[in-house]
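Read through the structure below, which is laid out as structure tokens, and then see the notes.
The values are calculated or read from the model by the stated rules, or taken from the named source; none is laboratory data. Since we're looking at a predicted model, the values are computed, not measured. Cβ placement follows ideal geometry from the backbone for every residue including glycine, while neighbour counts extend to all protein chains displayed.
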Amino acid sequence: MTAKEYFTQVAESERAMRVLRQKLAHFEDLGLTITSNTSAVGGRQAGASRVEKAAIGMVDTVADLKEQINAYKKLITEAQQIIDRIPQERYRRILTLKYLCDMSFKAVSDELRYTDPRSIYRAHGWALAEAQHILDGRED
């Protein structure tokens, strides 16, 4: 796997993790609503078993979401460790902003005050080459 493919996967994981966190928050809020509604009803009435089944389903979904989030966290942590091993601060910042912060090339260029738009693409390529050396060494 090339460094670009690797870091693209990391950026996609970061986006997916954000979506999963939103789903997790939604289910947790929904769980609180169901719990408070069933407490207000008091006891087992008609339909309570459906609510219980829904609550159990949400608990399972929340557990699955947390597991997926942890897998993404592991990948992102590993990517950060690779970036941290790059000797040049500028290259570390480019890869961090581009892939871990999910910024566009224009935003990275503005953040790092590049005046020539093509410069960020060249520097990004060099940063990926440095990361590729680290990835290649890690795989040996």
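Quick one: in the range 88-138, of everything that is out of contact with any Pro (no Cβ under 9 Å at 6 or more places or on another chain) and among the hydroxyl-bearing types (Ser, Thr, Tyr), which residue is modelled with the lowest pLDDT?
Our first condition is that a residue be out of contact with any Pro (no Cβ under 9 Å at 6 or more places or on another chain); within the range 88-138, this holds for 88-104, 107-108, 110-129, 131-138.
Subsequent filtering for residues that are among the hydroxyl-bearing types (Ser, Thr, Tyr) retains 91, 96, 99, 104, 114-115, 119, 121.
On the way: Tyr91: 97, Thr96: 96, Tyr99: 93, Ser104: 93, Tyr114: 93, Thr115: 90, Ser119: 94, Tyr121: 95.
Selected residue: Thr115.
When the residues of the range 91-112 are filtered to those that are crowded, with 17+ Cβ neighbours inside 10 Å and not aliphatic (A, V, I, L, M), which remaining residue is nearest to Tyr6 (Cα to Cα)?
Here the answer is Tyr99.
Suppose we keep only residues that are polar (S, T, N, Q) and not in a helix (DSSP H, G or I) within the range 61-113. Which one would you say is farthest from Ala11 (Cα to Cα)?
Of all residues in the range 61-113, those polar (S, T, N, Q) come to 61, 68, 70, 77, 80-81, 88, 96, 104, 109.
If we keep only those that are not in a helix (DSSP H, G or I) as well, we get 88, 104.
Values: Gln88: 21, Ser104: 11 Å.
Here the residue is Gln88.
Within the range 73-90, is there a residue that is surrounded by 13 or more Cβ atoms within 10 Å (Cβ to Cβ) and hydroxyl-bearing (Ser, Thr, Tyr)?
no
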